[in-house]
Every structure is written in structure tokens, then in C-alpha cells.
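Participant: Quick one: this structure, given as C-alpha cells, is what I'll be asking you about.
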Amino acid sequence: MTASEPTPDAVDDFDIGRIDDVIHGRVRLGIMAYLSGVESAEFGELKARLQTTDGNLSVHLRKLEEAGFVAVSKSFQGRKPLTRASMTTAGRDAFLAYLDAMSALVAVR
């Protein structure tokens, strides 16, 4: 076996089905990655970091919220609406499983 060939164990770990489709989209992955490093984030902060539109971010946050991966809270700061997102425990577990699955997938190279 040459250095460029995958090991038998790596090939056995190859399972594309382990990749969570809810997380795998570019914006949703960005949301999860960002939220994994903070307690919570304001909508505008996420929008700026991910370089996306209000509508696009809303759709992806809703999808993550429906999956139970993100909690979204809405309040007012003065008269201004404030939307905050945070990763749930289930979301953290799913994100770690996603990272493990991606690591196993790329280890096959």
C-alpha cells in the first residue's frame, strides 16, 4: 500500500450518510460554527459574519431551530427588536457528530 492509498480502516469509516444535511449547507454550517464559540449571537452579528441577507439568514436559522439545534429568542432593546440565537445542547451534540463524520470522510483520501 502506498502513502496515497487509504488505509483499510479509513475505507471502513467512509459513510457519506453520517453527514447531517441540516448542518451541511454553507450558511447553516457557518451559523453552527460561529455559535459553537459564543454563548449567543445577535442576528446582525451573524448576518455580518456570514455575509448573508436578512431573509437568507432567517430561513437558515428557522431550519436549525426546527431541528432543535438552535434556540432563537426575540426581545426589544428600547423600541428596537432584538433577535438572538444560541446553540442548544442537541445542536452542540449534532455539530460535534458532524465534525467527526467530516473528519472520517476526509481521512479516507
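Taken together, the values in this text are just the output of simple stated rules run on the coordinates, not laboratory data. Worth saying up front: this structure is predicted, and the values here are computed from it rather than measured. With ideal geometry, Cβ positions are generated from the backbone for all residues, glycine too; neighbour counts draw on all protein chains shown.
Participant: For Met32, Met102, what ranking results if the residue with the fewest other Cβ atoms within 10 Å of its Cβ goes first? Can you show the working numbers first?
Facilitator: Working: Met32 25, Met102 16.
Fewest-to-most ranking of Met32, Met102: Met102, Met32.
Participant: What ranking, highest mean first, results for peptides 83-90, 34-41 when packing means the other Cβ atoms within 10 Å averaged over each residue?
Facilitator: Values: 83-90: 16.5, 34-41: 14.1.
The most tightly packed comes first, giving 83-90, 34-41.
Participant: Quick one: go through segment 82-109 and flag any residue whose amide nitrogen is under 19 Å from the point 7 Å out along the Cα-to-Cβ line of Ile19.
Facilitator: Correct set: 94-109.
Participant: Of Ala104, Ala67, Ala48, which is farthest along the charge dipole of segment 32-109 in the positive direction, counting Lys and Arg as +1 and Asp and Glu as -1 at C-beta?
Facilitator: Ala48
Participant: Please report, in debye to the nearest 20, how large the charge dipole of the chain is about its Cα centre when each Lys and Arg carries +1 at its beta carbon and each Asp and Glu carries -1 there. Please list the in-between numbers first.
Facilitator: Values: 13 positive and 15 negative charges, 182 e Å.
With only Lys, Arg, Asp and Glu charged at Cβ, the dipole is about 880 debye.
Participant: Quick one: work out Rg over Rh on the C-alpha atoms of the chain, Rh as Kirkwood radius. Display every interim value, and only then the final one.
Facilitator: Details: Rg = 17.1 Å, Rh = 15.3 Å.
Rounded to two decimals, Rg over Rh is 1.12.
Participant: Where does the charge balance sit around Leu61 when Lys and Arg score +1, Asp and Glu -1, over other residues with C-beta under 11 Å from its C-beta? Please report the intermediate quantities before stating the final value.
Facilitator: On the way: positive: Arg28, Lys47, Arg62, Lys63, Arg84; negative: Asp54, Glu65, Glu66.
Spelling it out: positives minus negatives among the neighbours equals +2.
Participant: Put a dot 7 Å past each Cα toward the Cβ at Arg84 and Thr53; how far apart are the dots in nm?
Facilitator: 2.9 nm
Participant: Further, regarding this structure: Taking the Cβ of Asp21 as the center, what net charge do the other residues with Cβ under 12 Å away carry, scoring Lys and Arg +1 and Asp and Glu -1? Don't skip to the end; give the middle numbers.
Facilitator: Values: positive: Arg18, Arg28, Lys63; negative: Asp20.
Surrounding charge for Asp21 is +2.
Participant: Divide by every residue of the chain the summed helix terms, -39500 (n - 2.57) for each DSSP H run of at least 4, and state the resulting mean residue ellipticity at 222 nm, rounded to the nearest 500 deg cm²/dmol. Each step should come with its number before you reach the end.
Facilitator: Working: 6 runs with 60 residues, N = 109.
Here the helix-only value at 222 nm equals -16000 deg cm²/dmol.
Participant: Below 8 Å, C-alpha to C-alpha, sequence gap of six or more: please give me the relative contact order for segment 23-107 in percent. It would help to have the intermediate numbers written out before the result.
Facilitator: On the way: 86 pairs, mean separation 26.8, N = 85.
Reported as a whole number, the value is 32 percent.
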